[in-house]
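S.K.: Dropping the structure in here first, questions after.
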Amino acid sequence: MKMPVVKYQRGDKVMGRWPGSNLYYEVKVLSFDTTSQLYTVIYKDGTELELKDQDIKSAAGFQTRSRSRSRSRSPGRRRSRSRSPARTTRRSSSRTAAAVAAAAITDSMPSSHRDSRLKDNLEVRLSPLQPTEATENNSNNKHEKQEEKQKEENNTANKVNEVEAEPEKNQGRYNLRRRKDDGAAKEVAVKQEQLEEEAKKAAAPAAALSTPLDFGGKIVSLMCLFLPAGAYFWLLFLPAWVLFLVLQINQGDPSLVNFPPPLPPLETLWDTQAFGFVLLWIVFQAVLYILPVGKLSDGMPLRSGERLKYRTNGFFAIAVSAVAVAVAVHQGVDLTYIHSHFLQLAVATFLISVLLSVYLYVRSRYAPTEKLALGGNSGNVVYDFFKGRELNPRIKDFDLKFFCEMRPGLIGWCLINFAMALAEMKKHGLDAPSNSMILVNIFQLLYVVDGLWNEEAILTTMDLMHDGFGFMLAFGDLVWVPFTYTMQAYYLVNHPNPLSLPAVTAILMLKLVGFYIFRKSNSEKNAFRRNPSDPNLSYLKSIPTATGKSLLVSGWWGVVRHPNYLGDLIMALAWSLPCGFSHLLPWYYMIYFIILLVHRDSRDMSECRRKYGSAWDEYCRTVRYRIIPRVY
């Protein structure tokens with residue numbers, strides 16, 4: 001694929017247009033993204049923005065045009081300039097891509113080579129095509145030449161302003177010509193192509209990795225150069241960690257002191273029936289997803305301005321799934337199979353997630369550039385496979401990422417919890433699940449049902465808006481969520497923990513407080529993101545930013561910077577308390593969630609500081625309290 005020409009290099013001081021205006025300010029170039037073809041620049045007030053090529057002008061050319069425009073308004077100077085109409089055109093023109101490339105390459109040469117290169121460099125100018133043809137066709141007619149010059153002089157001011165205000169429309173009206181020898185235009189074109197090719201080669205290393213790599217991506221990429229196994233760390237660690245948790249919690253004494261847990265024979269890891277069960281479950285959820293039931297919701301605007309449509313019928317899906325499970329149990333289906341074959345089910349789901357990830361990566365190689373995610377197109381194959389290259393992979397209207405995010409794993413989480421409750425009753429001969437098991441089931445069911453009831457809110461999250469769909473999300477949605485978030489229910493099957501009525505009441509109140517904070521803060525944020533001018537949100541105060549978005553500094557978001565994280569943490573605490581304090585393993589979700597939020601908070605803070613600049617600093621001064629400790 002042909003790499004775009006990078007006109008401006010890192011560190012160049014240029015003039016950048018302020019979004020939504022025709023005003024230009026001095027900015028410094030930080031990087032160039034080859035995927036989106038956007039320059040990241042920083043203004044003097046610290047604001048960082050991404051600008052298109054046509055919104056940037058070279059500082060030298062910008063000053064020259066400013067002088068030319070001021071002169072065109074002076075009647076006294078207009079006469080003296082009429083002697084050489086071409087001079088106005090040369091002064092009003094900015095440096096071309098070839099000129100910038102030549103300057104960049106020349107600066108990197110030794111002085112001796114630079115001098116000889118400067119001697120050979122062709123002097124070019126911008127001249128309107130129509131006057132050029134008239135001059136060449138009437139070169140022997142002096143009178144017509146003077147008329148052309150007079151016409152050009154009279155329209156000079158208009159042309160200068162036209163070029164300055166509408167560069168895109170005028171690009172096709174100008175060509176590069178040699179000053180003295182108009183017949184050598186072909187030689188100039190060849191020379192220009194050579195300079196552009198050299199500029200591409202020089203800019204390629206700098207632009208290869210234009211987006212920051214998450215999850216240790218930089219370390220992984222560097223290790224890949226020296227140690228091939230380093231790039232596979234996350235791909236190996238995550239499945240190994242799930243296997244460790246499942247084997248550990250299945251022990252009579254799931255203590256971390258008993259490490260490592262005994263490994264079962266390899267042939268016991270695979271079960272064809274378990275694979276068929278997982279496949280049937282995913283197909284069943286896919287059928288519910290494509291049914292013409294529920295609302296068609298608009299996603300957030302993409303870089304192209306397009307808004308994708310999503311079928312948000314998640315609550316319908318979990319309701320139908322509950323009925324189907326109840327009918328299956330009534331017909332004699334033994335759901336305790338899920339508890340006894342938990343390991344085999346996890347292995348089968350892992351295999352499906354790997355096959356899906358391979359399919360996603362292969363199809364992303366043929367996806368248009370505008371459909372790729374900015375964070376998953378680094379050029380490192382393993383990293384891009386893990387993070388995901390394509391932002392919204394779809395099979396016709398079937399959105400793979402949205403489906404996996406909310407359906408098989410999330411509803412499967414509730415199914416596994418219910419199966420664990422049945423397994424507890426069967427193992428201990430109970431007529432009903434224990435209070436601890438009931439609390440865990442109800443708390444986590446409420447969390448999932450709330451998410452599916454407010455399914456439209458996920459369209460404004462980082463996963464849907466920014467992250468590509470690859471192994472990270474496929475494994476997380478299909479394996480990580482249903483087989484690690486169910487650790488509390490699995491633990492209680494073999495390690496019951498009786499709870500008194502006061503303890504049940506206290507834990508229940510804690511859950512309700514966390515859920516209230518979580519739901520109110522998320523609803524407030526999502527409503528403001530979708531329509532900041534909503535009259536129902538007029539009581540909220542915000543800080544405007546250069547991007548056109550505003551930062552909430554009142555309501556729940558004026559109390560702490562991440563009130564939704566606070567509610568989530570309180571709920572996670574309520575999920576773990578029913579398991580008691582005998583072992584650390586049922587507290588795994590609480591520990592993992594704190595680590596996850598620390599990482600997510602770090603990503604949020606650095607991304608917001610880059611996008612909003614000084615407005616973000618003002619926000620941090622206004623909302624001082626943070627749920628997550630500072631990690632950057």
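The values are calculated or read from the model by the stated rules, or taken from the named source; none is laboratory data. Quantities reported herein were computed from a predicted structural model and do not represent experimental measurements. Methodologically, a virtual Cβ is constructed for each residue, glycine included, from the backbone with ideal geometry; neighbour enumeration extends over all protein chains shown. Please note that ligands, DNA and RNA were not included when accessible areas were found on the heavy atoms of the full protein model with its side chains. Shrake-Rupley method; radii C 1.70, N 1.55, O 1.52, S 1.80 Å.
S.K.: Asp397 versus Val381, label points 7 Å from Cα toward the beta carbon: distance in nm?
M.R.: The two pseudo-label positions are separated by 3.8 nm.
S.K.: Note down the net charge around Leu288, summing +1 for each Lys or Arg and -1 for each Asp or Glu among other residues with Cβ under 12 Å from its Cβ.
M.R.: Net charge in that neighbourhood comes out at +2.
S.K.: Determine the equivalent ellipsoid of segment 395-454 by diagonalising the alpha-carbon gyration tensor, then write out the semi-axes as square roots of 5 times the eigenvalues, largest first, rounded to whole Å.
M.R.: The equivalent ellipsoid of segment 395-454 has semi-axes of 30, 13, 6 Å.
S.K.: Next question, about the same structure. In whole angstrom, note down how far apart the Cα centers of segment 510-561 and segment 317-384 are.
M.R.: Taking the Cα centre of segment 317-384 as reference, the centre of segment 510-561 is 33 Å away.
S.K.: Among the listed pairs Lys511/Lys541; Lys28/Lys611; Lys309/Lys541; Lys7/Lys52; Lys13/Lys371, give every one whose C-alpha distance is greater than 20 Å.
M.R.: Exceeds cut-off: Lys511/Lys541; Lys309/Lys541; Lys13/Lys371.
S.K.: May I ask you to give the solvent-accessible area per residue for segment 477-632, in square angstrom, as obtained with a 1.4 angstrom probe?
M.R.: Per residue, segment 477-632 has an accessible area of 45 Å².
S.K.: So between Phe244 and Asp45, what do we pick up on full extension, going 0.36 nm a residue minus the alpha carbon distance?
M.R.: 66.6 nm
S.K.: First check a/c for segment 309-388, with a ≥ b ≥ c the square roots of the eigenvalues of its C-alpha gyration tensor; if it is under 1.5, answer rounded, and if not, answer prolate when a/b is larger than b/c or oblate otherwise.
M.R.: Here segment 309-388 falls in the oblate category.
S.K.: Per 10 Å bin from zero, what fraction in whole % of the C-alpha pairs of segment 243-368 is there, up to the bin with the longest pair?
M.R.: Per 10 Å bin, starting at zero, the Cα-Cα P(r) for segment 243-368 comes out as 10, 24, 31, 22, 11, 1 percent.
S.K.: Could you check the simple spin-label distance between Asn22 and Ala527, using points 7 Å along Cα→Cβ, in nm with one decimal?
M.R.: 4.0
S.K.: Work out the FRET efficiency for Lys309 and His428 from their Cβ-Cβ distance, taking R0 = 45 Å, and round it to the nearest 0.05.
M.R.: Rounded to the nearest 0.05, the efficiency is 0.40.
S.K.: Using only Cα atoms, figure out Rg for segment 344-446 and give it as a multiple of 2.2 N^0.38 Å.
M.R.: After normalising by residue count via 2.2 N^0.38 Å, the value is 1.51.
S.K.: For the residue pair Arg365 and Leu256, what label-to-label distance in nm results when each label sits 7 Å from Cα along the Cα-to-beta-carbon direction?
M.R.: Computed distance between label sites Arg365 and Leu256 equals 4.2 nm.
S.K.: Lys and Arg at +1, Asp and Glu at -1: add these up for the other residues within a Cβ distance under 12 Å of Val440 and post the number.
M.R.: 0
S.K.: Here's something else I'd like to know. Average projected area of the Cα convex hull of segment 458-516, in nm²?
M.R.: Projected over every direction and averaged, the Cα hull of segment 458-516 covers 6.1 nm².
S.K.: Can you give the FRET efficiency to the nearest 0.05 for Asn536 and Asp271, using r as the Cβ-Cβ distance and R₀ = 56 Å?
M.R.: Calculated value: 0.60.
S.K.: Carbon and sulfur: what percent of segment 285-368's accessible surface (1.4 Å probe)?
M.R.: Here carbon and sulfur together make up 69 percent of the probe-accessible area.
S.K.: Another question, if that's okay. Calculate what fraction, in whole %, of the accessible area of segment 481-584 sits on carbon and sulfur atoms when a 1.4 Å probe is rolled over the protein chains.
M.R.: Summing carbon and sulfur atoms, their accessible area is 66 percent of the total for segment 481-584.
S.K.: Could you tell me the extents of segment 451-579's C-alpha atoms along the three principal axes, largest first, rounded to whole Å?
M.R.: Reported extents, whole Å, longest axis first: 56, 40, 23.
S.K.: Say a paramagnetic label sat at a point 7 Å from the Cα of Asp334, along Cα to Cβ; which residues of segment 392-432 have their backbone N under 17 Å from it?
M.R.: 419-430
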